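Let me begin by presenting the structure, written as structure tokens, before commenting on it.
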Amino acid sequence: MAHVTTAPARAIVALDVPSVADAVALVVRLGAACNFVKVGSELFTAAGPAVIDAVRRGANDGVRDVFLDLKLHDIPNTVRAAARCSAALGARLLSVHATGGRTMIEAAVEGAGERCSVLVVTVLTSLDATTLGEVWGRPVRDVSAEVLRLSDVARHAGARGVVCSGSEAAAVRARHGAALEILVPGVRLAGGATHDQKRVVTPAMAASAGATYIVVGRTVTGAQDPRAAMDEVVVELGKGAERRKEGKEG
Ligand code: C5P
């Protein structure tokens, strides 16, 4: 297995708001700990591509990294072009679906170039074995096994990493070592509300399982004191990195 980094995972804040002004206000409110943000399809389609530059530089208080979470899934030629445009807009990470196939992922990697990394969504956590069986036309018993299989597709296509749930992160890390980055959404501070998420993990759990990035949304943005919650997330990620160094998981 390749050497696995024990650097703390980075927290990416989901900007699930409907306008550029709301997005910029949120990053400014969260302060310096918020140095990586996620622009999803809602904000991107509501506000347009200019939102990327706006949140990168929000109120001239520094430059943040942007994860453009468009979960692309189309023919390779279209995805290559969209990835090229995403990189040109300044996105640092871009998501595509594994089920678009190896050639599509290769096209995304080619389009994204050196400055933008492609992360591959394995199985959406909103899908269970029954739903997957329906759309794939074969029985699916173990969703985790499908996640691992699709992580192989992502790696062989040259993607930088995968998106998977916290419950699969350790298995993906064990299989691929440092060859793939891992992004884990569905993260909650201990004791906080889980909202509509089912399989949630804490930042420390995700980090000790080997996550490279975690996505935090409402656990920070919906907190009474979002800046304090953000700081707590960063402290937890540090603890997770320590646990990982000591060889403990979870
Ligand atoms: O639930 P929360 O507010 O933390 O969601 C943060 C972001 O992560 C949202 O943009 C959501 O769409 C995304 N996401 C997720 N769970 C997944 C995949 C994506 O919460 N399994």
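So the values come out like this:
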{"quantity": "Calculated [θ] (222 nm, deg cm²/dmol) that DSSP helices of n ≥ 4 give over the chain, each run adding -39,500 (n - 2.57)", "calculated": "-13500 deg cm²/dmol"}
{"quantity": "Value of Rg to Rh for the chain (Rh from inverse mean 1/r over Cα pairs, i.e. Kirkwood)", "calculated": "0.95"}
{"quantity": "Solution diffusion estimate, µm²/s, Stokes-Einstein, segment 110-161, Kirkwood Rh from C-alpha pairs, 20 °C, viscosity 1.002 mPa s", "calculated": "175 µm²/s"}
{"quantity": "Longest DSSP-loop-exposure-free segment, trypsin sites (Lys or Arg not before Pro), the chain, at most 14 other Cβ within 10 Å", "calculated": "1-114"}
{"quantity": "Separation in nanometres of the label points that stand 7 Å from Cα toward Cβ, at HIS73 and GLU246", "calculated": "4.1 nm"}
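Each reported figure results from applying straightforward, stated rules to the coordinates on display, with no laboratory input. Note that this is a predicted model, so its numbers are computed, not measured. Here the Cβ is made from the backbone with ideal geometry for all residues, glycine too, and neighbour counts use every protein chain on show.
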